Amino acid sequence: MPLVVARTLTEARARLAERNVSILFLDNALPDGMGIDLLAEMTADSRMCRIPVVLVSDFPSPFMYAKAQAAQVCEVWSKREFVGASVRRIVQKHACLH
(Lines give C-alpha, C1' and ligand atoms only; values in the text may rest on other atoms or scores of the structure.)
Protein backbone atom coordinates (compact mmCIF):
# COMPACT_ATOMS: atom_id res chain seq x y z
CA MET A 1 0.00 0.00 0.00
CA PRO A 2 1.60 3.31 -1.04
CA LEU A 3 2.00 6.01 1.59
CA VAL A 4 0.99 9.56 0.70
CA VAL A 5 1.87 12.46 3.01
CA ALA A 6 0.21 15.85 3.27
CA ARG A 7 1.58 18.44 5.68
CA THR A 8 -1.37 20.86 5.53
CA LEU A 9 -5.13 20.78 4.97
CA THR A 10 -4.54 22.32 1.54
CA GLU A 11 -2.18 19.49 0.60
CA ALA A 12 -4.59 16.91 2.06
CA ARG A 13 -7.47 18.24 -0.05
CA ALA A 14 -5.29 18.04 -3.16
CA ARG A 15 -4.13 14.47 -2.41
CA LEU A 16 -7.69 13.33 -1.70
CA ALA A 17 -8.88 14.87 -4.97
CA GLU A 18 -6.15 13.36 -7.13
CA ARG A 19 -6.18 9.73 -5.98
CA ASN A 20 -8.08 7.02 -4.18
CA VAL A 21 -7.12 6.76 -0.53
CA SER A 22 -7.58 3.55 1.47
CA ILE A 23 -7.29 5.04 4.95
CA LEU A 24 -6.54 8.49 6.36
CA PHE A 25 -4.53 9.27 9.49
CA LEU A 26 -5.47 12.88 10.13
CA ASP A 27 -3.66 15.16 12.57
CA ASN A 28 -6.10 17.55 14.17
CA ALA A 29 -3.58 20.43 14.45
CA LEU A 30 -2.25 21.38 11.03
CA PRO A 31 -0.54 24.65 10.07
CA ASP A 32 -3.51 25.92 8.05
CA GLY A 33 -6.41 24.64 10.13
CA MET A 34 -7.98 21.87 12.16
CA GLY A 35 -8.17 18.34 10.80
CA ILE A 36 -11.60 17.90 12.37
CA ASP A 37 -12.91 20.59 9.99
CA LEU A 38 -11.76 18.58 6.96
CA LEU A 39 -14.01 15.75 8.17
CA ALA A 40 -17.13 17.84 7.55
CA GLU A 41 -16.04 18.31 3.94
CA MET A 42 -15.31 14.61 3.59
CA THR A 43 -18.69 13.48 4.96
CA ALA A 44 -20.42 15.72 2.40
CA ASP A 45 -18.51 14.14 -0.51
CA SER A 46 -19.91 10.86 -1.89
CA ARG A 47 -16.44 9.47 -2.64
CA MET A 48 -14.54 10.66 0.41
CA CYS A 49 -17.23 9.82 2.97
CA ARG A 50 -16.28 6.14 2.68
CA ILE A 51 -12.62 6.63 3.60
CA PRO A 52 -11.84 5.30 7.09
CA VAL A 53 -10.31 8.07 9.22
CA VAL A 54 -8.22 7.95 12.38
CA LEU A 55 -8.05 11.39 14.00
CA VAL A 56 -4.83 12.08 15.92
CA SER A 57 -4.54 14.84 18.51
CA ASP A 58 -2.23 15.95 21.31
CA PHE A 59 -5.21 16.98 23.42
CA PRO A 60 -8.43 15.19 22.45
CA SER A 61 -11.34 17.15 23.97
CA PRO A 62 -14.97 16.10 24.52
CA PHE A 63 -15.96 18.60 21.80
CA MET A 64 -13.51 17.02 19.36
CA TYR A 65 -14.75 13.52 20.23
CA ALA A 66 -18.33 14.65 19.53
CA LYS A 67 -17.38 16.09 16.14
CA ALA A 68 -15.37 12.97 15.32
CA GLN A 69 -18.27 10.71 16.24
CA ALA A 70 -20.66 12.78 14.11
CA ALA A 71 -18.25 12.37 11.18
CA GLN A 72 -18.05 8.60 11.81
CA VAL A 73 -14.32 8.59 12.50
CA CYS A 74 -13.00 5.06 13.09
CA GLU A 75 -10.92 6.02 16.11
CA VAL A 76 -9.45 9.03 17.90
CA TRP A 77 -5.87 8.61 19.08
CA SER A 78 -3.55 10.69 21.17
CA LYS A 79 -0.18 11.12 19.48
CA ARG A 80 1.40 8.65 21.90
CA GLU A 81 -1.06 6.01 20.65
CA PHE A 82 0.10 6.52 17.04
CA VAL A 83 2.53 3.58 17.06
CA GLY A 84 3.27 0.71 14.68
CA ALA A 85 1.04 -1.87 16.34
CA SER A 86 -1.96 0.49 16.33
CA VAL A 87 -1.40 1.48 12.71
CA ARG A 88 -1.08 -2.16 11.67
CA ARG A 89 -4.29 -3.08 13.50
CA ILE A 90 -6.37 -0.30 11.96
CA VAL A 91 -4.97 -0.86 8.46
CA GLN A 92 -5.76 -4.57 8.64
CA LYS A 93 -9.26 -3.79 9.88
CA HIS A 94 -10.27 -0.98 7.52
CA ALA A 95 -8.00 -0.49 4.54
CA CYS A 96 -8.77 -1.74 1.07
CA LEU A 97 -6.27 -1.64 -1.76
CA HIS A 98 -7.05 0.61 -4.73
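The values are calculated or read from the model by the stated rules, or taken from the named source; none is laboratory data. Keep in mind the model is a prediction, meaning the values are calculated, not measured. Heads up, the Cβs are rebuilt from the backbone with ideal geometry, glycines too, and the neighbour counts pull from every protein chain shown.
Within the range 84-98, being touching a strand residue (DSSP E or B) at 6+ places or on another chain (Cβ under 9 Å) and either under 26 Å from residue 18 (Cα atoms) or β-branched (Val, Ile, Thr) (or both) holds for 87, 90, 94. A search for C-beta distances below 6 Å between a residue of the range 1-18 that is under 18 Å from residue 41 (Cβ atoms) and any residue that is among the small types (Gly, Ala, Ser) and not in a loop (DSSP other than H, G, I, E, B), counting only pairs 6+ apart in sequence or on different chains, returns 6/12; 9/33. Looking only at the range 58-74, count every residue that is at pLDDT below 90 and either part of a loop (DSSP other than H, G, I, E, B) or at positive phi (or both) and tell me the total. Here the count works out to 6. Screening 32, 58 for residues that are loosely packed, with under 12 Cβ neighbours inside 10 Å, among the acidic types (Asp, Glu) and more than 19 Å from residue 13 (Cα to Cα) leaves exactly one candidate, 58. The residues of the range 61-98 that are in contact (Cβ under 8 Å) with a residue 40 or more places away in the chain, among the aliphatic types (A, V, I, L, M) and surrounded by 11 or more Cβ atoms within 10 Å (Cβ to Cβ), listed by number, are 87, 90, 91, 95.
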